[in-house]
Amino acid sequence: MSEFKSKIDLNRLPKHIAVIMDGNGRWAKQHGRPRVFGHKNGVRSVRAISEASAELGVEFLTLYAFSTENWGRPTMEVNALMALLVETIGKEMNTLNENNIRLKAIGDITKLPAQSYKALLKGIEATKNNTRMDLILALNYSSRWEIVEAIKTIAEDLKNGVITQEEINKDLVDNHLNTRGIPDPELLIRTSGERRISNYLLWQIAYAELYFTDVFWPDFSKEHLYQAILDFQQRERRFGKTGEQVSK
Ligand code: IPE
Ligand code: IPE
Ligand code: MG
């Protein structure tokens, strides 16, 4: 067993890990190849990290695959990413089922190109009875979009007398987000050295531990994930209390 893996306390695993998979383009550049080559190689890391998370007993893994802002990239790159999504879901369906992993998605997925949308729905349907881990892809996702949508629905319900103003609380907001039913991520990992959130799960990461690594996504391996989890397990999560209170 790997040195890092054996040190992980399986009783204190994060239930939910969220990842900003970044650095595909720079990885490709480093190898003297076009950006799309980086995205293709990023799929290997998706497979490795999904497998490692499920093996450990992580219950939810949310991967930022395409942001609302990513539509602004060159058309060729956007098309390649959308095609890669279709191809990957098709190829990985059996592996997901063998590993008892359920595929889900957050984001405005109806706005994806028809082929990608169809492939995604097919993958979600084919894996819906799996129970070991939820693999949630954030696709055409942005946190501000998600929050605005929630506000619209809540305002509508208020106007129609479905709810009263007093009933608006944290839980109600939680239940109007795409992530309803999914516990907040305890650990957020971003690869590639950037230290920003880029419109990802802003509400849900209120108390997440943030982990930044310089490793580019296509190089991010199971070992790197184990290191991130170990780092997480060494932190004291205080939730506003004092160190003395929480270490009791
Ligand atoms: C992350 O890698 C993948 C997506 C955003 C789809 P990037 O493509 O952002 O890679 P860099 O940041 O340009 O290196
Ligand atoms: C965030 O990465 C989105 C995804 C990983 C899908 P970006 O590379 O798009 O983020 P910025 O633009 O550098 O903030
Ligand atoms: Mg990037």
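The values are calculated or read from the model by the stated rules, or taken from the named source; none is laboratory data. Keep in mind the model is a prediction, meaning the values are calculated, not measured. Heads up, the Cβs are rebuilt from the backbone with ideal geometry, glycines too, and the neighbour counts pull from every protein chain shown. The protein model used for the area step is the full one, side chains on, heavy atoms only, and it has no ligands, DNA or RNA in it. Shrake-Rupley method; radii C 1.70, N 1.55, O 1.52, S 1.80 Å.
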So is residue 23 of a type outside the set (Asp, Glu), farther than 30 Å from residue 176 by Cβ and either open to solvent by less than 10 Å² (accessible area, probe 1.4 Å) or within 16 Å of ligand 3 (Cβ to nearest atom) (or both) or not?
yes
Scanning the stretch 201-247 for residues that are assigned to a loop (DSSP other than H, G, I, E, B) and within 24 Å of residue 31 (Cβ to Cβ) gives 213, 214, 215, 216, 220, 221
Mind checking which residues of the stretch 164-192 are within 16 Å of ligand 1 (Cβ to nearest atom) and of a type in the set (A, V, I, L, M)?
188, 189
How many residues, within the stretch 141-156, are under 18 Å from the mean Cα position of the chain (by Cα), surrounded by 14 or more Cβ atoms within 10 Å (Cβ to Cβ) and farther than 23 Å from residue 59 by Cα?
2
For the stretch 226-248, which residues satisfy the criterion of being on the phi > 0 side of the Ramachandran plot and not aromatic (Phe, Trp, Tyr)?
240
Residues of the stretch 180-204 being over 16 Å from residue 138 (Cβ atoms), open to solvent by less than 60 Å² (accessible area, probe 1.4 Å) and within 16 Å of ligand 2 (Cβ to nearest atom), which ones?
192, 193, 194
Which of the residues that make up the stretch 37-95 are over 29 Å from residue 1 (Cβ atoms) and among the small types (Gly, Ala, Ser)?
38, 65, 67, 72, 80, 83, 90
Does the stretch 169-179 include one or more residues that are open to solvent by 60 Å² or more (accessible area, probe 1.4 Å) and more than 22 Å from the chain's Cα centre (by Cα)?
yes
Just to verify a result, which residue in the stretch 104-140, among those that are among the acidic types (Asp, Glu) and either more than 13 Å from the chain's Cα centre (by Cα) or closer than 12 Å to residue 86 by Cβ (or both), is surrounded by the most Cβ atoms within 10 Å (Cβ to Cβ)?
108
Evaluation of residue 197 against (1) β-branched (Val, Ile, Thr); (2) without any contact (Cβ under 8 Å) to a residue 40 or more places away in the chain; (3) closer than 29 Å to residue 33 by Cα (one fails), failing number
(2)
Limited to the stretch 1-20, what total is found for residues that are open to solvent by less than 70 Å² (accessible area, probe 1.4 Å) and at pLDDT 95 or above?
11
In the stretch 1-103, which helices (runs of 4 or more DSSP H) lie fully inside it and hold 1 or more residues that are within 21 Å of the chain's Cα centre (by Cα)?
24-30, 35-56, 75-98
Counting only residues that are open to solvent by 20 Å² or more (accessible area, probe 1.4 Å), within 16 Å of ligand 3 (Cβ to nearest atom) and in contact with an Asp or Glu (Cβ under 8 Å, 6 or more places away or on another chain), the stretch 26-60 contains a total of 2
Is the stretch 64-78 home to any residue that is out of contact with any helix residue (DSSP H, G or I) (no Cβ under 9 Å at 6 or more places or on another chain), of a type outside the set (Gly, Ala, Ser) and crowded, with 20+ Cβ neighbours inside 10 Å?
yes
Being in contact (Cβ under 8 Å) with a residue 12 or more places away in the chain and assigned to a helix (DSSP H, G or I), is that true of even one residue in the stretch 154-171?
yes
